[in-house]
Amino acid sequence: MKQIIPAHRNFSCTLPPLGLLALAPTISLYPLSRADILHISPSLLGLILILGGATQISAGLDARRNGNHSGAATLIPLGLFWLSLLGLYIFPALGLGARPSAVAMTSYLSLWGLFAAILYLGSFRQSRIIRLLFGAMMISLLALGLAEIRGNSVFLQCAAIAGAASGLAALYAGLARSLNRRMQRTIMPLRGWQADAKGNGHEQVAP
């Protein structure tokens with residue numbers, strides 16, 4: 001039996017809008033707070049991480065139920081990562097437990113930076129804004145890891161800038177997917193990758 005392949009497949013974005021909108025504040029505010037560019041209390045930052053992480057996990061589970069396994073494999077681990085920072089950074093900042101060593105934090109953040117690098121490599125057939133999201137996230141997490149071991153504020157500032165860029169990209173992509181879907185036309189363009197039945201592809205502006 002021959003497999004029926006759709007004539008056109010669009011890869012502009014595989015992440016659900018709710019997950020993108022929840023990702024925006026977590027990836028931007030955490031590095032900005034660590035760099036002391038935004039003075040956010042540990043309790044407020046913890047609340048942001050809890051709500052953002054839980055929403056990303058919920059959006060990932062919903063994506064899995066809808067057959068969007070790529071979106072689920074992206075959002076569920078990221079949601080768990082933000083929740084894990086509660087025990088590693090927020091609770092010690094509130095005086096609840098001891099903070100991990102610099103080597104442990106560097107190793108942990110570097111592993112998640114490598115995870116973001118994998119997401120970045122897998123986003124080349126999606127929208128350019130998604131590539132910016134994961135590329136900036138990778139830089140932000142790796143810079144945070146280097147800041148832990150080196151104690152240099154330059155790495156924190158680089159992490160904050162990259163985190164802010166990643167957050168803005170996530171916000172734009174989430175709003176674009178929501179508005180375009182609701183209005184049934186392209187309000188905020190996402191430049192996606194259109195593939196035909198033979199696998200040949202070209203970039204196009206897609207909702």
Quiz item: How long, wide and thick is segment 13-206, going by the Cα atoms along their three principal axes, in whole angstroms, largest first?
Solution: 55, 27, 26
Quiz item: Taking segment 49-130, how much of its Cα-Cα pair set, in percent, is spaced more than 16 angstrom apart?
Solution: 61 percent
Practice problem: Show me 98-109, 57-68 ranked by packing, highest mean number of other Cβ atoms within 10 Å first. | Solution: 57-68, 98-109
Self-check item: Over segment 23-69 - Rg/Rh using Cα atoms and the Kirkwood inverse-distance radius
Solution: 1.14
Exercise. Pull up all non-local amide H partners of residue 190: gap of 5 or more, or a different chain, and H-to-H distance under 5 Å with H placed in the peptide plane.
Key: 206
Practice problem: Determine which residues of segment 153-169 fall in the zone a paramagnetic label at residue 39 would reach in this model, i.e. backbone nitrogen under 11 Å from the point 7 Å along Cα→Cβ. | Solution: none
Quiz item: What order, most packed first, do the peptides 73-83, 15-25, 30-40 have when packing is the mean number of other Cβ atoms within 10 Å of each residue?
Solution: 15-25, 73-83, 30-40
Quiz item: Each residue of segment 119-131 in turn: what ³J(HN,Hα) in whole Hz from Karplus with 6.51, -1.76, 1.60 and θ = phi - 60°, glycine and Pro shown as x?
Solution: 4, 5, 5, x, 9, 6, 9, 10, 5, 4, 5, 6, 4
Quiz prompt | Net dipole in debye of segment 13-206 [+1 Lys, Arg Cβ; -1 Asp, Glu Cβ; about Cα centre; nearest 20] | solution = 500 debye
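No lab work stands behind these numbers, since they all come straight from the coordinates. Only a predicted model underlies this, so the values are computations on that prediction, with no experimental measurement involved. Positions of Cβ are backbone-derived with ideal geometry, glycine not excepted, and every protein chain shown enters the neighbour counts.
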